[in-house]
1. Quick check: is even one residue across the stretch 432-445 surrounded by 14 or more Cβ atoms within 10 Å (Cβ to Cβ), among the aromatic types (F, W, Y) and out of contact with any Lys or Arg (no Cβ under 8 Å at 6 or more places or on another chain)?
2. With respect to the numbered conditions (1) at pLDDT below 85; (2) over 19 Å from the mean Cα position of the chain (by Cα), which one is the sole condition not fulfilled by C67?
3. Looking at (1) closer than 20 Å to E82 by Cβ; (2) of a type in the set (G, A, S); (3) in a loop (DSSP other than H, G, I, E, B), find the lone condition where G276 falls short.
4. So, in the stretch 79-100, how many residues would count as being part of a loop (DSSP other than H, G, I, E, B), closer than 23 Å to A126 by Cα and either modelled with pLDDT of 90 or more or among the hydrophobic types (A, V, I, L, M, F, W, C) (or both)?
5. Out of S345, S404, S373, I need the residue that is in contact (Cβ under 8 Å) with a residue 24 or more places away in the chain and in contact with a Gly (Cβ under 7 Å, 6 or more places away or on another chain). Which one?
6. Do any residues in the stretch 440-467 that are modelled with pLDDT of 80 or more have Cβ atoms under 7 Å from those of residues that are among the β-branched types (V, I, T) and surrounded by 16 or more Cβ atoms within 10 Å (Cβ to Cβ), where the two are at least six apart or on different chains, and which pairs are they?
7. For the stretch 446-457, name all the residues that are under 19 Å from P407 (Cβ atoms), of a type outside the set (K, R) and surrounded by fewer than 13 Cβ atoms within 10 Å (Cβ to Cβ).
8. I'd like the full set of residues that are surrounded by 15 or more Cβ atoms within 10 Å (Cβ to Cβ) and among the small types (G, A, S), limited to the stretch 262-283.
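The values are calculated or read from the model by the stated rules, or taken from the named source; none is laboratory data. Just so you know, these numbers come straight off a predicted model, no measurement behind them. Please note: Cβ atoms are built from the backbone with ideal geometry, for glycine as well, and neighbour counts cover all protein chains shown.
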Amino acid sequence: MSASRWVSCALLTALSACTLYEKPTFDGGIKRDGSVSVDASADASTDSGTGCAAGRLDCDGDRSNGCETPESVVNCGRCGTECALPSATARCGNGQCVVGACVAGFGNCDSDASNGCETRTSESTAHCGRCGNACTAGMVCVAGMCVNDCPAGQTRCGDQCVQTSNNVDHCGRCGNVCPSLPNAVRGCTAGRCDSLRCASGYDNCDSNASNGCESLGTGTNCGDCGTVCSGGTPVCAFDRDMMTWSCVAQDACTAPNERCGAACVDTNSSTLHCGGCNMPCNFANAMGGSCVTRVCTVSTCNAGFGNCDGNGRNGCEAQLNTITDCGMCGRSCMGERVASATCVSGACRLTCTAGFADCDGNPANGCEVDTRSSAMHCGACNRACGASANAVGGTCTDGACRLSCRPDFANCDGEPANGCETDLSSEDNCGFCGNSCALGPPCATGTRRCNRAVRMDPFVCRCEGDV
């Protein structure tokens with residue numbers, strides 16, 4: 001019997017009478033006459049934890065109206081779980097937050113919905129304009145297009161074109177990173193890193209810029225630096241009406257707030273007490289974050305870092321310049337037939353095993369082409385042994401194109417690019433490459449010419465007048 005059913009039994013003298021009730025469901029469990037229609041098969045389509053059919057939730061706790069709430073981006077998988085993904089429009093599918101669409105200039109190139117559309121396709125040389133579209137080595141990606149140089153007013157820093165006047169990772173010059181400090185907002189103005197700017201609800205109360213900004217929601221800094229809560233109002237609490245912190249009486253903490261030391265905080269949303277007292281979110285290498293339903297959530301990682309372990313509590317812990325996390329979390333440079341690899345500016349640089357090459361620029365499949373036998377990539381990427389002048393086809397053997405020439409033509413210069421360029425009816429290559437009629441023995445009469453006696457015979461050098 002499912003959790004949503006309950007049984008009321010009245011024990012009679014010689015007979016047990018039992019009436020079965022079932023919580024009404026959205027798709028109908030109550031008949032027109034008001035009685036309950038019990039279908040034993042209904043349990044197969046319900047969530048074993050909630051008793052609701054797939055796509056429905058019971059968020060108001062009212063048994064009489066059943067599973068009244070449809071699953072959505074604000075109630076995904078469970079009541080109150082909101083889908084909010086970086087640089088993306090989120091949707092809820094089968095109880096999971098997934099990417100619906102990416103903001104223009106971004107892409108979900110790692111296919112991981114948890115970090116949204118993490119890649120700037122407008123400037124990524126590995127994913128320029130769209131995921132997987134890698135720029136040729138030496139080029140940069142500008143506005144989603146691979147170009148040879150940066151536009152006026154921008155400076156080339158590695159594989160990126162940036163405005164050093166306001167770029168926090170290249171402020172004033174390439175590689176000059178404005179520091180990321182706790183509870184502070186990074187900024188670059190006119191090529192100089194901004195002085196300490198605190199996030200809302202924080203201030204530099206200890207006058208030490210090197211350690212960032214301190215919370216204005218503590219018993220010693222309540223609403224303002226130095227405001228101490230004591231006496232009849234010993235607790236610092238957040239006033240949602242006034243949108244500020246203030247000192248209140250000791251028993252003033254009401255749900256969803258709880259007492260954490262000298263502060264009255266909501267552990268559902270406090271980054272200092274996320275999920276419980278003294279459980280802070282450490283947004284290292286990140287441009288801030290938040291506490292959502294007791295879970296630390298990173299907003300955006302600083303350039304060159306990623307939240308690869310999926311744990312928002314430790315921020316963006318991984319550097320994205322390694323061969324295991326190159327440019328994005330989980331992108332390994334060590335694919336099949338890769339002899340060695342490096343990660344340069346978020347892009348894999350592969351050294352392939354002899355006889356193989358990375359022709360599609362996708363590190364996931366390593367050095368995917370056997371250049372010893374590939375007719376499309378013979379000896380090197382994009383060197384095709386396809387249709388050429390006076391040729392009827394070609395094969396690749398040991399990295400060299402072998403052309404099948406039309407009759408009376410040959411590939412005398414050994415270059416497959418210009419096909420079978422030599423006419424074997426010529427005086428210098430008569431019948432085969434290098435056979436010059438001028439170098440043969442002298443004729444009794446006339447000169448030696450390249451011709452043939454009968455059609456379809458090979459061309460040979462003959463003296464004029466010979467039969």
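1. No, there is no match, as no residue in the stretch 432-445 is surrounded by 14 or more Cβ atoms within 10 Å (Cβ to Cβ), among the aromatic types (F, W, Y) and out of contact with any Lys or Arg (no Cβ under 8 Å at 6 or more places or on another chain).
2. Unmet for C67, out of (1) at pLDDT below 85; (2) over 19 Å from the mean Cα position of the chain (by Cα): (1).
3. Condition not satisfied by G276: (1).
4. Initial filter on the stretch 79-100 (part of a loop (DSSP other than H, G, I, E, B)): 79-87, 94-95.
From what's left, closer than 23 Å to A126 by Cα: 85-87.
Within this subset, residues satisfying the condition of being either modelled with pLDDT of 90 or more or among the hydrophobic types (A, V, I, L, M, F, W, C) (or both) are 85.
Qualifying residue count for the region: 1.
5. Result of the check over S345, S404, S373: S345.
6. The qualifying pairs are R452/V460.
7. From the stretch 446-457, those under 19 Å from P407 (Cβ atoms) are 450-457; that's our starting set.
When the remaining residues are screened for being of a type outside the set (K, R), the result is 450-451, 453-454, 456-457.
Within the stretch 446-457, A453, V454, M456, D457 qualify.
8. Once the filter is applied, which keeps residues that are surrounded by 15 or more Cβ atoms within 10 Å (Cβ to Cβ) and among the small types (G, A, S), the stretch 262-283 yields A262, A263, S269, S270, G275.
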